[in-house]
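Here is the structure we will look at.
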Amino acid sequence: MGARSRLCPRSAHCSISRTFWSGRTRRSVARAVATNLSPSKVLSFEAIPRSGHNAWVNLFQLWRSKSLQNLHYIMQRNFQNLGPIYRETVGTKDSINVYLPQDAAQLFQAEGSFPQRMGIDSWVAHRTMRNHRCGVFLLNGEEWRSDRVILNKEVISPMATNKFLPFLNTVVEDFVDFMHRQIRKNTRRSLTVDIYHDLFRFTLEASSYSLYGQRLGLLDESPNPESQEFIQAVETMLQTTLPMLFVPPGLMRWMNKKLWDDHMKSWDIIFKHADKSIQKIYQEFCLAQPRKYSGIMAELLLQEEMSLDSIKANMIELMAGGVDTTAMPLIFTLFELARNPQVQAAIREEIKGAEAQGPRELSKVLNGLPLLKGAIKETLRMYPVGITVQRYPARDIVLQNHHVPAGTLCQLSLYTLGRSPEVFSEPERYNPARWLGKEVNSFKALAFGFGARQCIGRRLAEAEMHLFLMHVLRNFKIDTASKADLKTIYSFILMPEKPPLFTFRPLD
């Protein structure tokens with residue numbers, strides 16, 4: 001492998017800015033959104049309303065009442081009671097919570113050259129204890145920026161997206177064939193199913209193919225038991241992460257050894273599964289360099305700008321983060337389309353219109369489906385995968401007319417933002433067309449974060465979801481028996497309390 005690249009701070013920062021934001025234009029939009037009616041006197045940090053006063057009592061009450069899974073509802077209620085900004089201390093975390101777009105714009109302007117989100121101490125502890133390297137999700141400072149600049153080119157840039165789109169498309173077509181096979185077994189020519197686990201298998205298959213250029217066979221009749229074990233490990237890892245967000249790892253190991261052991265074991269399984277795929281492709285790469293595109297990892301190996309340990313760390317983070325976090329929005333989208341048949345029909349007509357234009361590159365086909373893309377945005381507005389975006393501002397800022405010192409943990413509540421009538425008209429209504437008008441939507445669609453530290457897997461996840469909906473709606477009509485609102489729970493990601501049943505009917 002070649003020497004690890006170290007770009008100078010100035011060039012690295014510019015590269016990130018070009019990837020995510022269109023230079024001064026985007027900064028100007030942020031300033032315009034952030035500019036609000038400014039009272040003459042800024043209030044002190046201490047004047048920010050508080051939710052509770054004792055950090056450990058707050059955490060104990062959340063645990064005792066089993067309210068951790070309702071954090072999104074609790075934050076929404078706190079905003080209703082305390083106003084658009086409040087301060088909260090839970091365990092080791094002291095944060096300022098906001099939810100309005102202008103506050104997101106202020107945080108973006110103040111995030112600095114090395115944007116930082118809230119750390120996940122239990123994940124870092126696992127890497128340290130097992131002598132694994134961290135990827136960009138956990139890294140900070142110059143080390144984060146160096147890796148991120150290299151990854152941008154092969155994971156999130158438009159050119160990179162065009163490379164892995166055919167891989168995702170192949171997996172989606174196989175999933176559609178899988179569904180047709182299940183339907184043919186049913187004399188009623190339909191299939192009523194809890195698609196929860198099928199979507200997990202699909203997203204893992206798609207992620208593996210795009211990252212490693214390898215198929216796992218998860219859409220076969222008898223899927224690989226090791227891959228099923230990986231999916232279960234990801235679920236366990238997420239479930240055990242939430243209780244440890246506010247407690248130091250050393251204390252948690254003493255308080256609840258089983259929880260800690262389950263967390264460590266789940267990460268060990270994730271690393272073992274990913275390491276097997278990585279070793280296989282690395283061996284093939286050393287024997288004969290691939291002459292055609294064969295996945296994101298192969299491209300990173302060809303560049304020789306990152307060490308193998310760095311590549312492995314980032315591939316594992318992408319793989320672990322690309323299963324639940326893509327499957328959940330698809331479940332919510334299918335549910336909303338099933339209970340809004342007029343929206344489902346309109347998107348289907350849009351797909352037919354795009355197909356009528358003849359064969360084209362996948363990227364151009366997807367660009368011609370604005371309503372379908374709006375459906376994903378609308379889903380993520382109502383059901384954000386992560387319920388907050390966090391930043392530590394690099395300088396003092398003013399949020400909701402209160403002074404907030406540099407280095408303060410600031411959380412933007414995405415669930416409250418998406419459900420706020422101050423931000424969205426009829427916020428409880430599923431309306432993908434709201435994203436197609438002339439209304440200014442800056443800093444309203446933040447499910448993947450914002451700025452240079454937005455989700456590195458964003459384009460991969462979006463492409464996967466867009467292609468999935470395009471093929472599924474082209475082939476099936478989707479219904480659901482229950483039209484009632486879904487109750488959601490927070491298990492480090494937002495998910496249905498009980499997965500809905502769907503009925504798939506082939507379109508002849």
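Rule-based calculations on the coordinates, nothing more; no lab input. Computed from a predicted structure; not experimentally measured. Reconstructed Cβ throughout: ideal geometry from the backbone, glycine too, with neighbour counts over all protein chains shown.
Working from Cα pairs under 8 Å separated by at least six residues, relative contact order for the chain is 26 percent.
The spread of Cα positions in segment 239-381, taken along each principal axis and listed from longest to shortest, comes to 58, 47, 20 Å.
Each Lys and Arg Cβ is given +1 and each Asp and Glu Cβ -1; about its Cα centre, the chain then shows a dipole of about 740 debye.
Given in Å, the Rg to one decimal and the Dmax to the nearest whole number for the Cα atoms of the chain are 22.7, 72.
The trypsin sites (Lys or Arg not before Pro) of segment 54-139 that DSSP puts in a loop, and whose beta carbon has at most 14 other beta carbons within 10 Å, are LYS66. The stretch between HIS403 and GLU439, if pulled fully straight at 0.36 nm per residue, gains 9.9 nm over its current Cα-Cα span.
Under 5 Å between amide hydrogens, built in the peptide plane, is the criterion, and for LEU399 it picks out VAL404 among residues at least 5 positions away or on other chains.
Rounded, prolate or oblate, given the Cα gyration tensor of segment 263-304, with a/c below 1.5 counting as rounded? Walk me through the numbers before you get to the answer.
Working: a/c = 3.46, a/b = 2.54, b/c = 1.36.
Prolate, because a/c is 1.5 or more and a/b exceeds b/c.
Residues whose amide H comes within less than 5 Å of that of GLN454, counting only those at least five positions distant or on another chain, are absent (H built at 1.01 Å from N in the peptide plane). For segment 210-308, trypsin sites (Lys or Arg not before Pro) meeting the loop criterion (DSSP other than H, G, I, E, B) and having at most 11 other Cβ atoms within 10 Å: ARG291, LYS292.
For segment 351-448, applying the loop criterion from DSSP together with a ceiling of 10 other beta carbons within 10 Å to the trypsin sites (Lys or Arg not before Pro) yields LYS438.
Using the Cβ-Cβ distance between VAL42 and THR187 with R0 set to 56 Å, the FRET efficiency from 1/(1 + (r/R0)^6) comes to roughly 0.20.
Computed from the C-beta positions of LEU287 and ASP485 and an R0 of 56 Å, the FRET efficiency is 0.55 to the nearest 0.05.
Here the label points at ASP309 and ALA345, each 7 Å from Cα along the C-beta direction, are separated by 6.0 nm in the simple model.
Per residue, the convex hull spanned by the Cα atoms of segment 140-215 amounts to 112 cubic angstrom.
Convex hull volume of the C-alpha atoms in segment 463-508, normalised per residue: 85 Å³.
At q = 0.23, 0.25, 0.27 Å⁻¹ the log10 of I(q)/I(0) for segment 430-508 amounts to -1.31, -1.26, -1.22, computed by Debye summation with a single uniform scatterer per C-alpha, solvent ignored. With the convex hull constructed from alpha-carbon coordinates only, segment 76-208 shows a mean projected area of 14.0 nm² over all directions.
A Förster radius of 45 Å, combined with the Cβ-Cβ distance separating ARG429 from GLU361, puts the computed FRET efficiency at roughly 0.85. Within the chain, the selection of entire DSSP H helices by a Cα span of 20 Å or greater along the long axis and an average Kyte-Doolittle value of at least 0.5 returns 324-339.
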